[in-house]
Amino acid sequence: MDKLEFIKEQLKNYDGEDLRFMEVCGTHTAAISENGIPNLLSPKIHLISGPGCPVCVTVTAVIDKLTELSLTENTTVLTFGDLIRVKGSKMSLADARANGGKVEMLYSPMDAIKMAQSNPDRNYVFAAIGFETTTPVYAMVLENAIKAGVHNLKLLTSLKTMPEVIRWVCKNTDNIDGFIAPGHVSVITGSDLFKELSEETGLPFAVAGFEGAGLLTAIYALVKMKGKAGIKNFYRSAVSEKGNEEARKAVNRFFEPCDASWRGMGTIEGSGMRLKKEYSEYDAGSYGLDEDHMPPGCSCSRVLTGEISPDECPLFGKKCTPEDAHGACMVSTEGSCYNYFISGRRKR
Ligand code: SF4
């Protein structure tokens, strides 16, 4: 029997204490569903999607500010992907666009600079949402905009960092037995960050890529570590111990740590990044966007913290589906509700 078959057999037949592992990366959430990983595990191994989808953890105050800006004269909001369909307290960016707001989807971040250069009399606001993985991209956009003398492009930032939210989860729940460390984030931070977190929380971390085999290997490693501290890196092709220092330097040139508001979790000290004061002319009004008014009946806050599984939300699959999403976790293709729905996964 080859190694992967052995791991599959071990995971399927596991009959020890119930174990709960959390992934904190939207791409892992999607990959777990796409690879049918839950069906390959014993009913005693539970996978929980944590706060790793950047769109899902963005509070409504940020969406509200973006919709307001899109409806402001001579202003265009630029955004990636799913954010456009997430509801703010009154409307989504898609609704704002239907009401005459100017919203453009970006396929490459550098297009933001080209647009601003092509229309120098128009103001552009780039929705800068994401984790450690995407913050270097915004730093690069800013660096290039400054070099090119572009002054009509600003960022509306809602940038978050992983360690503090993982600490928050560990303080506020006592039923996590280990983490699948976020793959993309680890490329930037390095695996040493998760070594520190493991020592601090006393829980095991396994760094994994996005292939089914790598994820299964990481889960098997967590099972073997049985809730005890330790770090295993199964994504060595992309993740080193120290990470990408150049990317972190670029980020630190323009951004500094700040408190950040997370959907369903409130404000977490030191869990965000904001533009430094010397670059405030490139900020489109990001400070103080803390309020969060989830759509009525939406349980995203409880889903994001692993308190309930998506199918335990009373609206799941009824009033809330990918075609007609009620909450952010059903909008994003990296959201736990979306992935539960499309894979037909249910709590066991
Ligand atoms: S199923 Fe819909 S309403 Fe319920 S938690 Fe998920 S996104 Fe929110």
For this session: Read phi for every residue in the range 56-70 and hand back ³J(HN,Hα) as whole Hz from Karplus 6.51 cos²θ - 1.76 cosθ + 1.60, θ = phi - 60°, with x for Gly and Pro.
Result: 5, 8, 7, 6, 5, 4, 6, 4, 4, 5, 5, 5, 4, 5, 5
For this session: Roll a 1.4 Å probe over the protein chains and send me the accessible area per residue for the range 126-188 in Å².
Result: 31
For this session: Determine which aspartates and glutamates satisfy two conditions relative to K3: a Cα distance under 16 Å, and not lying fewer than 8 residues away in the same chain.
Result: E211
Exercise. Where does the Debye-calculated log10 I(q)/I(0) of the chain sit at q = 0.12, 0.13, 0.14 Å⁻¹, using only Cα point scatterers of equal weight, no solvent?
Worked result: -0.85, -0.99, -1.13
Seminar exercise, completed: With x for Gly and Pro, the residue-by-residue ³J(HN,Hα) of the range 219-234, computed from phi through the Karplus equation 6.51 cos²θ - 1.76 cosθ + 1.60 at θ = phi - 60° and given in whole Hz, is 5, 5, 4, 5, 4, 5, 7, 6, x, 9, 4, x, 9, 10, 10, 9
For this session: Compute the accessible area per residue over the range 300-339, keeping the other protein chains in place, probe 1.4 Å, unit Å².
Result: 38
Seminar exercise, completed: Distance in Å, no decimals, from the C-alpha centre of the range 141-174 to the one of the range 201-226 is 27
Seminar exercise, completed: Between K224 and K3, the two model label points (7 Å from Cα along the beta-carbon direction) sit apart by a distance in nm of 0.9
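Just the number, please: carbon plus sulfur as a percent of the accessible area of the chain, 1.4 Å probe, no ligands or DNA/RNA counted.
49
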For this session: Check the straight Cα-Cα distances from K90 and name the aspartates and glutamates below 17 Å, setting aside those fewer than 8 residues away within the same chain.
Result: D64, E68, D290, E291, D292, D324
Exercise. Under 5 Å between amide H atoms, partner at least 5 residues away or on a different chain: which partners does A181 have, H built in plane at 1.01 Å?
Worked result: A206, V207, A208
Problem set entry | For the chain, built as a Gaussian network whose Cα springs stay under 10 Å, the top-fluctuating residue of H46, H184, H28 | H46
Problem set entry | Distance in nm between pseudo-label sites at N39 and E269 (7 Å out along the Cβ direction from Cα) | 4.6
Exercise. Relative contact order of the chain: what whole-number percent is it, with Cα pairs under 8 angstrom and at least 6 residues apart?
Worked result: 22
Exercise. Measuring from label point to label point, each 7 Å out along Cα→Cβ, what is the E245 to Y287 span in nm?
Worked result: 3.3
For this session: Would you kindly state how much longer the chain becomes between A148 and K90 on full extension, computed as 0.36 nm times their sequence separation minus their alpha carbon distance, in nm to one decimal?
Result: 17.2 nm
For this session: Could you size up the charge dipole of the chain around its Cα centre, putting +1 on the beta carbon of Lys and Arg and -1 on that of Asp and Glu, and report it in debye to the nearest 20?
Result: 360
Exercise. To the nearest 500 deg cm²/dmol, what mean residue ellipticity at 222 nm is calculated for the chain from DSSP H runs of n ≥ 4 alone, each contributing -39,500 (n - 2.57), summed and divided by the residues?
Worked result: -10000 deg cm²/dmol
For this session: Please label the shape of the range 300-339 as rounded, prolate or oblate, based on the square roots a ≥ b ≥ c of the eigenvalues of the alpha-carbon gyration tensor (a/c under 1.5 means rounded; beyond that, a/b larger than b/c means prolate, else oblate).
Result: oblate
Exercise. Among the lysines, which have Cα under 22 Å from the Cα of K277 when same-chain residues fewer than 8 positions away are ignored?
Worked result: K65, K147, K154, K160, K249
Seminar exercise, completed: The set of residues whose placed amide H lies less than 5 Å from the amide H of L78, leaving out same-chain residues fewer than 5 positions away, is E104, V125, F126, A127
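The values are calculated or read from the model by the stated rules, or taken from the named source; none is laboratory data. Bear in mind the structure is a predicted one, so any value in this text is a computation, not a measurement. Cβ: placed from backbone, ideal geometry, glycine included. Neighbour counts: every protein chain shown. Note: areas computed on protein heavy atoms with side chains; ligands, DNA, RNA excluded. Shrake-Rupley method; radii C 1.70, N 1.55, O 1.52, S 1.80 Å.
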